[in-house]
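In what follows, a structure is listed as structure tokens, so that the remarks can point back to it.
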Amino acid sequence: MTAPFSAAGFRRGARVGLALSAAIFIYGLAFGLVAAQAGLSWAWALAMSVTVFSGSAQLAALSLIQAGEATLMTLAATVLVMNARYLLFGAAIQPWLSQAGPLRAFSSLLLIGDANWIATMRAAEKGEADRAFLIGTGVPLVGAWLGGTLVGVIFGAVLPDPRAFGADLALPAFAAAMMAAMVRSRAALVPVAVGAAAALAVGPFAGPGWGIVAAGLAGGAVAALTARPGVIR
Amino acid sequence: MPSMTLMLLVMTLAALFCRMAGYVAMRFLPPSARLDAALKATPLAVMAGITAQALAAGALVESLALGAAVALSLWTRNDVGAAVAAMALAAGLRWAGL
């Protein structure tokens, strides 16, 4: 028997998504600015936002393109490393979402992001039974992300010097701010230190793109090695 | 560099893989503390790597702006707002001639 997947559940999710969409619009605006700075047309920037739909991965990929270091391998590795958390998101939500049936579940997964995954997990814990809630949270966020991208890339194309607006610092500023928000314990400082050290060790020799990949792999490896077997924190 | 179409295709496939693989794997994999720990740590490490490289490549303005991003994020718990404010601070400092 499949779980409910109704318009009412969609609307409940959409209300949560709308509350989050202003911040996502601003983030999309920043991505659009950086995309314009990297020389992307509005159509390519929009296509990237539609198909990748991940701010951190898109900004990291843009940094490779800007540095002239974009190869198919570095781009794939960067998106995989930046979005590795989605593996966990998908795994964690599977017991709840799988009851919607495969087509609805996989469609919903296309719209999953950090914010609406958290919102949906919280709603599920509170007893939300309607599996359309997740896709409901995702639709306003996609709209805000695409709108922000479009406005940002068009505005960015007429900027005389993106540095004057601090747009060149969009990726590191978002990374620093998100990192600070995600550190909630002393243990979380370990991947921060390992990632920073790995990037500084590899980046100067292999380029900033591989510095990012090295940071993710080293941080993940250390966390896996130091995890207590059988204990999921 | 490869064509934009090829780059977009590769990024799309990688993003799709991340969104789908964990969900699909849950049908076959038992929960693992090590895998869980690695997946939780990876985004933090990547963000730290990006920040560290920007600090190493930058100067006073970049250091002040990224310091402000961290401080405002911790203070307001609004990471997006903190990042936008940091970019505005960098713009202001550069306008002031730093």
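The values are calculated or read from the model by the stated rules, or taken from the named source; none is laboratory data. Keep in mind the model is a prediction, meaning the values are calculated, not measured. All Cβ positions, even for glycine, are placed from backbone atoms using ideal geometry, and neighbour counts span all protein chains on display.
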Subject >> Subset of the stretch A:61-87 [more than 7 Å from chain B (Cβ to nearest Cβ) and in contact (Cβ under 8 Å) with a residue 40 or more places away in the chain] >> reply: A:Leu62, A:Ser63, A:Leu64, A:Ala67, A:Glu69, A:Thr74, A:Ala77, A:Thr78
**OP:** Could you please find all residues in the stretch B:1-51 being in contact with a Ser or Thr (Cβ under 9 Å, 6 or more places away or on another chain), more than 7 Å from chain A (Cβ to nearest Cβ) and closer than 13 Å to A:Gly90 by Cβ?
**Re:** B:Leu16, B:Arg27
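Table: residues versus (1) assigned by TED's automatic domain parsing to the domain that holds A:Gly152; (2) polar (S, T, N, Q); (3) surrounded by fewer than 17 Cβ atoms within 10 Å (Cβ to Cβ); (4) under 26 Å from B:Gly22 (Cα atoms).
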residue	(1), (2), (3), (4)
A:Ile24	yes, no, no, yes
A:Leu29	yes, no, no, no
A:Ala35	yes, no, no, no
A:Ala43	yes, no, yes, no
**OP:** Give the residue, chosen from B:Leu93, B:Leu98, that is more than 22 Å from A:Ala76 (Cα to Cα), of a type outside the set (Lys, Arg) and loosely packed, with under 14 Cβ neighbours inside 10 Å.
**Re:** B:Leu98
Original post:
Just for the stretch A:56-87: of the residues that are among the small types (Gly, Ala, Ser) and modelled with pLDDT of 90 or more, which one is surrounded by the fewest Cβ atoms within 10 Å (Cβ to Cβ)?
Top reply: A:Ala76
Original post:
Can we say A:Val213 is over 12 Å from B:Met47 (Cα atoms), more than 7 Å from chain B (Cβ to nearest Cβ), of a type in the set (A, V, I, L, M, F, W, C) and crowded, with 19+ Cβ neighbours inside 10 Å?
Top reply: no
Subject >> Qualifying positions in the stretch A:109-153 - β-branched (Val, Ile, Thr), under 11 Å from A:Gly17 (Cα atoms) and crowded, with 24+ Cβ neighbours inside 10 Å >> reply: A:Thr120, A:Ile135, A:Thr137
**OP:** Please work out which residue is modelled with the highest pLDDT, limiting yourself to the stretch A:178-233 and to residues that are over 18 Å from A:Leu88 (Cα atoms), in a loop (DSSP other than H, G, I, E, B) and not charged (D, E, K, R).
**Re:** A:Ser185
Subject >> the stretch B:42-77: number of residues that are within 15 Å of the chain's Cα centre (by Cα) and of a type outside the set (Ser, Thr, Tyr) >> reply: 15
**OP:** Scan A:Gly39, A:Gly90, A:Gly28 and give me the residue that is under 27 Å from A:Ala105 (Cβ atoms), at pLDDT 85 or above and more than 9 Å from every other protein chain (Cβ to nearest Cβ).
**Re:** A:Gly28
**OP:** Could you look through the stretch B:61-74, keep only residues that are modelled with pLDDT of 95 or more and surrounded by fewer than 15 Cβ atoms within 10 Å (Cβ to Cβ), and pick out the one that is nearest to the other protein chains (Cβ to nearest Cβ)?
**Re:** B:Gly67
Original post:
Which one is nearest to A:Trp145 (Cα to Cα) among residues in the stretch A:109-120 that are without any contact (Cβ under 8 Å) to a residue 40 or more places away in the chain and more than 10 Å from chain B (Cβ to nearest Cβ)?
Top reply: A:Trp117
